[in-house]
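Data first, discussion second: the structure below is written as structure tokens.
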Amino acid sequence: MKLSIAAVALCFSGVRGFGTTSRAFLPSKVPSSSLVPTTFTTKSATSLLRHIHPRSFTSLSASVARLAEPQGQLLSTVDVFIFDCDGVIWRGDSLIDGIPETLEKLRSAGKKCFFVTNNSTKSRAGYKKKFDSLGLDVAAEEIFSSSFAAAAYLEQSKFLEKKAGKKVYVIGEIGICDELDLIGVPYIGGPADEGKQPEMVSGAKVDHDEDVGAVIVGFDRHINYYKIQYAQLCINENEDCEFIATNLDAVTHLTDAQEWAGNGSMVGAIKGCTGQEPNLVGKPSPLMIDYIAEKEGLDRSRICMVGDRLDTDILFGKNNGLKTCLVLSGVTSEEKLLGPENEVAPDFYADSIADFFVKETA
Ligand SMILES: [Mg+2]
């Protein structure tokens, strides 16, 4: 898929704000407090504060409205919905109740729907298969994954033209590799480096490819020391080698039994050994919303970002001038949303997107 020149300019200008050349923009875009896991302390701290000072629990409740009258509060002022996937459309491999009917009603009402996920383990085509398997009729063009965003970023920044003969080193899974294949960018690493271990005998070293011009770090269930060392060598020793992160999510949900270390941990490992900040392409970076808004010619004031995470989805919407709606069908509880530690206020919140339509009574 090709971008218009205007889209390229928009996207590139947005991404630069997260790069190493324009660090002044970073604090306003990605507060450091939003990049660290807070869930392990939130519950106990909130309970304690409620006990000590009951009014503090409702610090945000005055400014965050529960969606009670969806037609007037939301549907009459929104033409386009951008949905996060995990915790909004599905949990793991299970569809959330009422989703097919709600999406059908939204489409019947003339609303456009897009689906944006920070999970880079699948390509757009991979996500299309997942939607199909869940019985949801969604076009590939309506899906935006951070694996696609990483490839789109390279395409927009003219990697092939400006870095002729260069390739990408991938920490991540097949989704990133599939997207790079689609735009013809050569790469090494990824699943091919699964299980590799560097030799640690006297005089041993990892030989790295000096033609690696960018390292992409995405979620990788097979991260290992070899991959970290390889990425470190490319970024520290190759001239003008970019460091690109698909996302910085602190935790993710591999199973429903607990939270698991997210891509923030993999990006953190590379930051730690290079001292470099990555160019971020997933939420809350503006790249994907810039792409969608420009491509579709959308009025941002009539777009609503719907997600289950405050530090990625809602921040992404607020940073980019969108309406925002938090749903409680994923990782964020009402207690956490309204608790004293939360500083990210969506415009509305609801139990799930099924609440976008008032349930018909018999
Ligand atoms: Mg989610």
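Just so you know, all these numbers are worked out from the coordinates, no wet-lab data involved. This structure is a prediction, so every number in the text was calculated from the model and none was measured. FYI the Cβ positions are ideal-geometry reconstructions off the backbone, even for glycines, and counts take in every protein chain you see.
Based on the mean of other Cβ atoms within 10 Å per residue, sort peptides 203-215, 318-330, 302-314, 334-346 so the most packed one is first.
302-314, 318-330, 334-346, 203-215
Going toward the positive end of the dipole of segment 212-323, with +1 on Lys and Arg Cβ and -1 on Asp and Glu Cβ, which of V281, F243, L322 do you reach last?
Checking the options against the dipole of segment 212-323, the answer is L322.
Holding the Cα-Cα limit at 21 Å, pick out from K323/K359; K227/K271; K111/K295; K196/K283; K112/K158 the pairs that are longer than that.
Result: K323/K359; K196/K283; K112/K158 exceed 21 Å.
Could you please rank H222, H253, placing first whichever residue has the fewest other Cβ atoms within 10 Å of its Cβ?
Least to most surrounded, the residues fall as H222, H253.
Got a sec to turn the phi values of segment 305-310 into Karplus ³J(HN,Hα) couplings, 6.51 cos²θ - 1.76 cosθ + 1.60 with θ = phi - 60°, whole Hz, x for Gly and Pro?
My calculation for segment 305-310 gives 8, 10, x, 10, 10, 6 Hz in order.
Please list, in order along segment 88-94, the HN-Hα scalar couplings obtained from phi with the Karplus expression 6.51 cos²θ - 1.76 cosθ + 1.60 (θ = phi - 60°), rounded to whole Hz, x for Gly and Pro.
10, 9, 9, 10, x, 10, 10
Working from the alpha-carbon coordinates of segment 168-280, get Rg over Rh, Rh being the Kirkwood radius.
We get a ratio of 0.97 for segment 168-280.
Mind listing the long-range amide H neighbours of I143? Cut-off is under 5 Å, sequence gap 5 or more, other chains count too, H placed in the peptide plane at 1.01 Å from N.
Here F115 satisfy the definition.
If you place +1 on the Cβ of every Lys and Arg, -1 on the Cβ of every Asp and Glu, and leave all else neutral, what size is the dipole of segment 168-280 about its Cα centre, to the nearest 20 Debye?
Roughly 380 debye for segment 168-280.
If you keep only loop residues by DSSP, which GluC sites (Glu not before Pro) in segment 120-209 have at most 13 other Cβ atoms within 10 Å of their Cβ?
Answer in residue order: E199.
Please report how far the C-alpha centroid of segment 65-132 lies from that of segment 260-320, rounded to the nearest whole angstrom.
Taking the Cα centre of each part, segment 65-132 and segment 260-320 sit 17 Å apart.
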